[in-house]
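Contents: one structure, followed by commentary.
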Amino acid sequence: MLEVNLAKRAPAVFLAEQAGRGPIDIVLQPTMGRLSFRAKEAALEGRSEVSGLAVDGAINTRRENGDLAAMRLGPDEWMFLCDDGEVDNLAERIAEEMSGKAFSLVDVSHRDVTFEVSGAASDAVIASGSPLDLSLEAFPVGMATRTIFAKSDIVLARLSQTTWQVTCWRSFATYVQGYLADAAKDFAVA
Amino acid sequence: MSQPFRIQSGGHIDRSKPISVSFNGKTLNGYRGDTVASMLLASGSHLAGRSFKYHRPRGILSHGSDEPNALLSVDWRPEKGKGRRDPNNRASVVEARNGLKTETQNHWPSLERDVGALNDILSPVFVAGFYYKTFMWPRSAWEKVYEPVIRRAAGLGEAPEVADPDRYANRHAYADILVVGAGPAGLSAALAASEDGSSRVLLADEGFLFGGALLNDATSTIDGKPAKAWVDEMVATLDARENVVLLPRTTVFGYYNHNHVAMVERVADHRDDALEGLARERLWQVRAGKVIIAAGSHERPLVFENNDRPGIMLAESARAFINRYAVKPGNRMVVATSGASAYRTALDAKAAGIAVTIVDIRLGEDCGTELAEAREAGIEVLTGHTVVKALGKARVTGLIVAPLGKTGGVGTRRTLECDTVAMSGGWTPSVHLFSQSRGKLVFDADIDAFLPGQSVQNEVSAGACHGIYDLSAIIADGAKAGGGSREVTASATFTGFQPVRVLPTDEDPKKVKAFVDFQNDVTAKDIKLAVREGFESIEHVKRYTTTGMATDQGKTSNMNALGLVAGLLDRPLPAIGTTTFRPPYTPVTFGALVGPSREERFEPVRKTAIDGWAEAQGAEFEPVGQWRRAHYFPRSGEDMHAAVNRECKAVRTSVGIFDASTLGKIEVVGPDAAEFMNRMYTNAWTKLKVGGCRYGLMLGENGFVMDDGVVARLAEDRFHVTTTTGGAARVFQHMEDYLQTEWPDLDVFITSITEQYAVIALQGPNAKKVLEPFVSDIDMSEDAFPHMSVREGFICGVPTRLFRVSFTGEAGFEVNVPADYAAAVWKALYEEGRKYDITPYGTETMHVLRCEMGFIIVGQETDGTATPDDVGLSGLVSKVKPDFVGKRSLSRPDILRKDRKQLVGVLAKDPKEVLDEGAMVVDDPTAPVPMPIAGHVTSSYHSSNCGRSIAMAMVKGGRDRIGETVWVTTPKGFTEAVIATSVFYQHEKESIDA
C-alpha cells in the first residue's frame, strides 16, 4: 500500500493565448478551498457566523474575514472560500459546530474555477456576456450572485469598482476565458 | 474623378482631409464627412444601381437609411483580402473612408450596359403576383424554368464568398432613458432627461453626426444661432454630463418586450486607425426604463411616369446634399411637390447657384407663405400643375408638366428641361419602433399620417415621428418627452402638404410605369391590378405585389401604396389598415447578431480532466451533449469497427480503462436524504446500508423513465447519486424543483458534484490487480468490498470514493477522485495496467458491452414514452412505498395496456448483418402501405464477444414473442430477424459476484 501522494494537481484550465495582461487583466486564480454550505434559518439558530464565515449577510452579498470569504447565493446557500490547504480543517470545524443540526457541507474545490477580471473597462467586458445591470447602484462592491455569462452558468462577484471574480465549473472555464478574452480585445491599446 | 459638382464652401465636410474611394473600379474623390452617395454626386453622376426586377437604371433617391435604390457591395478593407465585403449597403449612409472598394449591384455585364434590362421590355409578363401565378402553371415549367431561373435572378447582391474574418462584439446595457435619434427632438429630450444628473441616459443615432435634419439646414436659426451651432452646443453639453452616453453610428433596429431594445453600433468600418482585432460592429441589448423615440420622418416620393430616373431624388435629400455635403445634385433642377417643405430646397438650391423651377400640384390659394417667398427669390412656380412624365433614361433630361383643370383634366403639356428633379409628396412619421413595441397607431387625416396612439410599453415619441414638423414645436416636444421643458425661438418651418397618391396624367395608365416601391419595382399599375383581382386587405396587397416587402420595409412607399388602395376601393385610409412593422428597422449583418458566439465560442465544449491524455493517445471523439468524449482509441491502421472489436475483447479478457467523468453526480445530504430518495426514485432506499450501492430508476410525473444511475450511500444522511451524462442538469433541476415547490419541509440539500470528481472506470477480470497497489485505507477483499458497494479511502495518496460497480458485466471499479488529480491517477493506473495489456476504451465499446449484457441506456432504449415495465425493469418499482414521483401514472389504463412496446433482443438471420438503429420491425413485409409497424430497433452493434451482430428493439407485446420471426427494414427493403431475450452474452464463469 502506498502512503505517499503520487498524484499532483493539474490545472483545470490553461491560459488562453490572448488572455494576457493589458488594459483588461483576466487572471486565473490559484486553486482554493471551496465548500458549498446549506442550512435553513432554523438550523442556524440565529448565528451570525459559522467557523468565522458570515451567514447573516443579505442574499447575494460576499463577506470576507481574513483568508476566508462567504458568498450568500440563496436563502439557505453559501459558498465558503478558504486557502487551498485549509479546506479539510475548515470542513471539520464546521461539521463540529453544526453537529446535530440539519445542514449540508460539500467540498467543491475541484469543481469550480475562478478568473479575476480587472481594469477600467472591466464592467464592459463582463457586460459582453452578462445581462445584469453592472452599475455600482445595482451591483455594488461586495455583491455576488449566481447568474449566466454567455452560455455558461457563473457566480459573479464584485471585489472593487473595477475588479470582478467570475467563477464557473471547470469544463466551462476554457469557454468563459475565451469569451472574456475576446471581449477584452475592444479595449486593447496601440 | 474630380469633383465638378462640389460647392466651394460650406457643408459639414472636412476639406482638410481629402479621401478617395473606388466605385466600380473608378475613383471618386471627396472629403471626410462624405458618404459614397455624396461623392458620386460630386463627380456629376447619379447612376448607382439597377433595379430589382426590371433592371432599370437607378440613381440616388435619398440621403438617409430609407434609400431604396443605391445599394452597394462594399469591401471595407480590400487590402486585407477576401471576406470583408458585404452587399446591399445604402450608398447614402456609407461613411466614406480612404480605400473603400464599392460596386453597384444587379447588373451584367456592367452598370451602364445590362442585359437584364430586357425585363423592362418584357414587363407585361412580370406582372404583380407573377411568382404566385407560376405555381398554377405546368409542373414541368416550375422545375425546369421558374425555380432555377427565377431563383437565380431574384435576390439582391452577392453573398460573401468566404467566412467573415471580422470580429463582432456583444454588449448588454441598462439605461433609465434611451433616446432614439439625435435630431432636434432627440437632443432636446436627452438634455431634459439628463438635466438633474440622476438618470442614466443613452442617446443613439444611426448617423455619424448628431443633429438629424438640422444638418441639412443652412438657414434656420435657434435662439439666434445657426442650427448647426445649436446642435454643437447641445452635443457638447450632453457630452460633458457623466450620466449620458452618446452613441453615434448606432442604429436602434429592434424593440422587444419589457423595453428590451436592440441596437447595432458600427465600430470599426469608418476608422482609418482601427486596431487589429477591434470589433467591426457591436450588438447592444439595452434594457431601458423608458424609451424616447425621436426617429424623425420619411419623405414620400411623387408617383408619376418614370419617377425612378436617375437624377430624380427626394426634395429634402437634395437639400441635404447641397447644405450638408456641399454638393450640387445638378445644374438645372425642377422641384416637384405637393407640399411646402420642398420650397426650402428650391430656395437653398437657388442660393447654391442651381437654376430652379417649382411645380406644385397645389393651387396657389392652398399654399402658405412659402409661395411668396419663392417668387420673391425669383423662382418660377407653376401651381396647380401635375407631372405627366420624366424624360431621359440613364439620367433625367426633362419633366413634362401640365396644368390641372378645375374638373381634374390635364391641360396643355410643357417640357421643363432639367438634369435634376427634387420631389416631395409629403411626410410619413417614422413609427416603426413604436409599432414594434406593439403600440397602436391612429390615423391623423390632417397630416395624412399614422401616428403613435395607445402605448403598450413605457415609451414616448417626440418630434417628427410624433407628427410635429415645426422646429420650435419639435424642440419643445422633445424636452417634454424628456421630462422637462424648453422654449426656443426658431425659424418658422414650411409645413403642410396635400396628399396625392398618383399624379393625374393623360397617358394610358395601363402603359405607365410610375413607381410606388422603388426597391421591389412595384408600380401603381401593379397595385391597381391586385385590387382588380380582388385583394382588398393591405396585408394581401403587400404580399401579392411585394410592395413594402424589400429591405427598406417600404419607408418611402407605404403611405403611397395605402392611399392608392384606399382610393381605388373608395374607403377611408384607416379602413385599409397599415402593415406590421417588424425588426430590423434597417438590415443588420449576421455578424452583429452572431457576435462572439462563433467557432470555439459557439457553444462550450466541455472536456474532462482526462481529455488531454485521450487526445495525446489519438482518440477519436464524439459530442455527447456539450461534452466531448473519447469515442474509441484506434491503433494505427484501425478503423472504428476494428478498434471497437479489440477494445470489447480486451475488457472481457483482461482489463479496460474508461473515462466516465461526464456522468452526472449529485450529493444528496441531510437528515431526510433517504426519504427524499424514496420519493424521487421508484425503488426503496431506507434499507440501503451505508457503503452500499443500488441502481436507481427515476420517472417523470407521467410515469415514463426519465433517468437512471447507480446511487451510493456514504452515510446515513449522505448519498452520492449518479445520473446519465445528458440527464445531469435535467435531474438536478427536477430534484430542486420538487424540493422547493413540493417538499420544502424536507431537511435535505442537493449539490452538483459532477465536476468535483473525475471518474476512472477499470473493467475486466484484471481490474482489481491493476487497482490494488495504489489503494490505501480500503479493504479490497471480496467479503469486505463486494460488488455494488462503495468505500472511501485513498488512491495514489489522494482521497477517493471507490465504487465497485459494473456497466459491462465484468468485475469492475469506478474510481472517483477530485478532478485536478485525475490525470495523474489515470496515468499511474495505466502504467500499472500495462502488465495486463490494459486497453483504453471509448463510448462505443461501452455501448457494445452494456448491450451484450442487456443493460439499457436511457434516451436510447427509452424515448420519453417508455415505462419501467416496457424496458423490463418493473422489478425496480416498489409496490410498498406510499408514493414516488410517477407512481400514480403507472396505473393509468394506457400504461397497463398489454400491447405496449416491450424491450427485446432482435437477432438478424444473417449473423454478419448489423441492423440499422431506428429501423422498423414489421410482421409482414408484403402488407400494403401504410404497413402495420410492430416496433423499432433501438440499439444495434457487431459484438466481437458474441461473434455476431446483436440488437435491442422495442416491439409490441415483444416479451411474449421470443423466438418469432419478424422483418426489419433496411435501406433496400427488409431483412429477416428473430425476436430474442435482450441478454446476449453469457459468461463462462460468473465473474461478478452480485
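How many times 2.2 N^0.38 Å is the alpha carbon radius of gyration of the protein assembly as shown? Write out the running numbers ahead of the final one.
Details: Rg = 37.4 Å, N = 1184, 2.2 N^0.38 = 32.4 Å.
The value comes to 1.15.
Assuming 0.36 nm per residue, please report the length gained on full extension of the stretch residue B:594 to residue B:702 beyond their Cα-Cα distance.
On the way: separation 108, 0.36 × 108 = 38.88 nm, distance 3.79 nm.
My answer for the length gained is 35.1 nm.
Taking 0.36 nm per residue of separation and subtracting the Cα-Cα distance, what length does fully extending residue B:959 through residue B:144 add?
Working: separation 815, 0.36 × 815 = 293.40 nm, distance 5.34 nm.
Between residue B:959 and residue B:144, full extension yields an extra 288.1 nm.
For q values of 0.08, 0.09, 0.12, 0.18 Å⁻¹, compute log₁₀ I(q)/I(0) with the Debye formula on a Cα-only model of chain A, without solvent.
Log10 I(q)/I(0), no solvent term: -0.28, -0.36, -0.61, -1.20.
Using all alpha carbons of region B:505-569, what is the percent of pairwise distances in each 5 Å bin, ordered from the shortest bin to the longest?
P(r) for region B:505-569, in whole percents per bin: 3, 21, 32, 26, 14, 4, 0.
Normalised by the number of residues in region B:701-828, what is the relative contact order in percent for Cα pairs under 8 Å and 6+ residues apart?
Values: 167 pairs, mean separation 26.9, N = 128.
Normalised by residue count, the contact order of region B:701-828 is 21 percent.
May I ask for the angle, rounded to the nearest 10°, between helix A:173-184 and the longest principal axis of chain A, with both axes built from Cα atoms and the value confined to 0 to 90°?
Once rounded, one gets 40 degrees.
With helices defined as uninterrupted DSSP H runs, which ones in chain B have an alpha carbon span along their own long axis of at least 30 Å and mean Kyte-Doolittle hydropathy of at least 1.0?
Numbers: long enough: none.
None pass (Cα extent of 30 Å or more, hydropathy at least 1.0).
Would you calculate the volume per residue, in Å³, of the smallest convex hull containing every Cα atom of region B:546-670? It would help to have the intermediate numbers written out before the result.
Values: hull volume 36.7 nm³, N = 125.
Taking the convex hull of the Cα positions in region B:546-670, it is 294 Å³ per residue.
Express in % the proportion of alpha carbon pairs of region B:773-860 at distances exceeding 17 Å. Working shown, then result.
Numbers: 2202 of 3828 pairs.
In whole percent, the long-distance tail amounts to 58.
D for region B:544-616, whole µm²/s, Stokes-Einstein with Kirkwood Rh over alpha-carbon pairs at 10 °C and 1.306 mPa s: what number? Can you show the working numbers first?
On the way: Rh = 16.9 Å.
D = 94 µm²/s.
Across region B:864-877, in residue order, what do the Karplus-derived ³J(HN,Hα) couplings come to in whole Hz, using 6.51 cos²θ - 1.76 cosθ + 1.60 with θ = phi - 60° and x for Gly and Pro?
x, 10, 9, 8, x, 5, 4, 9, x, 10, 5, x, 8, 9
Amide H neighbours of residue B:49 under 5 Å, counting only residues 5+ apart in sequence or on other chains, H built in-plane at 1.01 Å?
So residue B:49 has HN proximity to B:58.
Hey, could you grab the Kirkwood Rh for region B:44-107? Inverse mean 1/r over distinct alpha carbon pairs, Å, one decimal. Kindly include the intermediate steps, with their values, before the conclusion.
On the way: mean 1/r = 0.0820 Å⁻¹.
Evaluated on region B:44-107, it is 12.2 Å.
With an 8 Å Cα cut-off and a minimum separation of 6 or more residues, compute the relative contact order for chain B in percent.
In percent, rounded to a whole number, it is 9.
Can you list the trypsin sites (Lys or Arg not before Pro) in region B:622-727 that are in a DSSP coil and have 12 or fewer other beta carbons within 10 angstrom? Intermediate results must be reported in sequence, preceding the final value.
Details: sites: B:628, B:629, B:635, B:646, B:649, B:652, B:665, B:679, B:687, B:689, B:694, B:713, B:718; in loops: B:635, B:687, B:689.
Answer in residue order: B:635, B:687, B:689.
Tell me which GluC sites (Glu not before Pro) from region B:826-922 have a DSSP coil assignment and no more than 15 other beta carbons within 10 Å of their own.
Numbers: sites: B:831, B:832, B:844, B:852, B:861, B:913, B:917; in loops: B:861, B:913, B:917.
Sites meeting the loop and neighbour criteria: B:917.
Excluding residues fewer than 8 places away in the same chain, name every one of the aspartates and glutamates whose C-alpha is closer than 14 Å to that of residue B:350.
Cα-Cα hits under 14 Å: B:373, B:376, B:380.
Hey, could you pull the Cα Rg and Dmax for chain B, both in Å?
Computed over the Cα atoms of chain B, radius of gyration and Dmax are 37.9, 116 Å.
If you take the beta carbon distance between residue A:137 and residue B:689 as r and set R0 to 45 Å, what does 1/(1 + (r/R0)^6) give as a FRET efficiency, to the nearest 0.05? Each step should come with its number before you reach the end.
Details: r = 55 Å, r/R0 = 1.22.
Computed FRET efficiency for residue A:137 and residue B:689 comes out at 0.25.
Could you give the semi-axes, largest first, of the ellipsoid that matches region B:898-980, computed as the square roots of 5 times the alpha carbon gyration tensor eigenvalues and rounded to whole Å?
On the way: eigenvalues 74, 45, 20 Å².
Largest first, region B:898-980 gives 19, 15, 10 Å.
Compute the whole-percent fraction of alpha carbon pairs in region B:294-336 spaced more than 16 Å apart. Before the final figure, lay out each step's value.
Values: 381 of 903 pairs.
Everything past 16 Å amounts to 42 percent.
Can you tell me the Rg and the Dmax, both Å, for the Cα atoms in region B:255-400?
Cα radius of gyration and Dmax of region B:255-400 are 20.7, 62 Å respectively.
At what distance in angstrom do the alpha carbon centres of region B:459-519 and region B:521-555 lie from each other?
For region B:459-519 versus region B:521-555, the Cα centre distance is 23 Å.
Using only alpha carbon pairs under 8 Å that are at least six residues apart, calculate the relative contact order of chain A and give it in whole percent.
Numbers: 345 pairs, mean separation 50.1, N = 190.
The value is 26 percent.
For the residue pair residue B:571 and residue A:67, what label-to-label distance in nm results when each label sits 7 Å from Cα along the Cα-to-beta-carbon direction?
About 8.0 nm, to one decimal.
Helix A:87-97: angle to the longest alpha-carbon principal axis of chain A, degrees 0 to 90, nearest 10?
Rounded to the nearest ten degrees, it is 40.
Once fully extended, how much extra length lies between residue B:987 and residue B:373, figured as 0.36 nm per residue of separation less the alpha-carbon to alpha-carbon distance? Don't skip to the answer; put the middle values down first.
Working: separation 614, 0.36 × 614 = 221.04 nm, distance 10.62 nm.
Difference between extended and current length: 210.4 nm.
Check the straight Cα-Cα distances from residue B:525 and name the lysines below 30 Å, setting aside those fewer than 8 residues away within the same chain.
Correct list for residue B:525: B:53, B:133, B:144, B:389, B:393, B:406, B:510, B:511, B:513, B:542, B:555.
What is the packing order of peptides B:655-661, B:666-672, taking the mean over residues of other C-beta atoms within 10 Å and listing the highest first? Could the numbers behind the result be given before it?
Values: B:655-661: 26.1, B:666-672: 22.9.
The packing order, highest mean first, is B:655-661, B:666-672.
Taking trypsin sites (Lys or Arg not before Pro) as candidate sites, keep only those in a DSSP loop with at most 13 other Cβ atoms within 10 Å, then name the longest stretch of chain A containing none of them. Intermediate values should be presented prior to the final figure.
Numbers: sites that count: A:8, A:21.
Within chain A, the longest run free of exposed trypsin sites (Lys or Arg not before Pro) spans A:22-190.
Counting other Cβ atoms within 10 Å, keep those with at most 12, restrict to DSSP loop, and tell me which chymotrypsin sites (Phe, Trp or Tyr not before Pro) in region B:309-357 are left. List each step's numbers first, then the result.
Values: sites: B:321, B:325, B:343; in loops: B:325.
Answer in residue order: no site qualifies.
Using the alpha-carbon centroid of each, what span in Å lies between region B:239-307 and region B:701-761?
Rounded to whole Å, the Cα centres lie 47 Å apart.
We did not get these values from a lab; they are worked out from the coordinates using the rules stated. Computed from a predicted model, the values in this text were never measured in an experiment. Cβ coordinates were reconstructed from backbone atoms using ideal geometry, including for glycine residues, and neighbour counts include every protein chain displayed.
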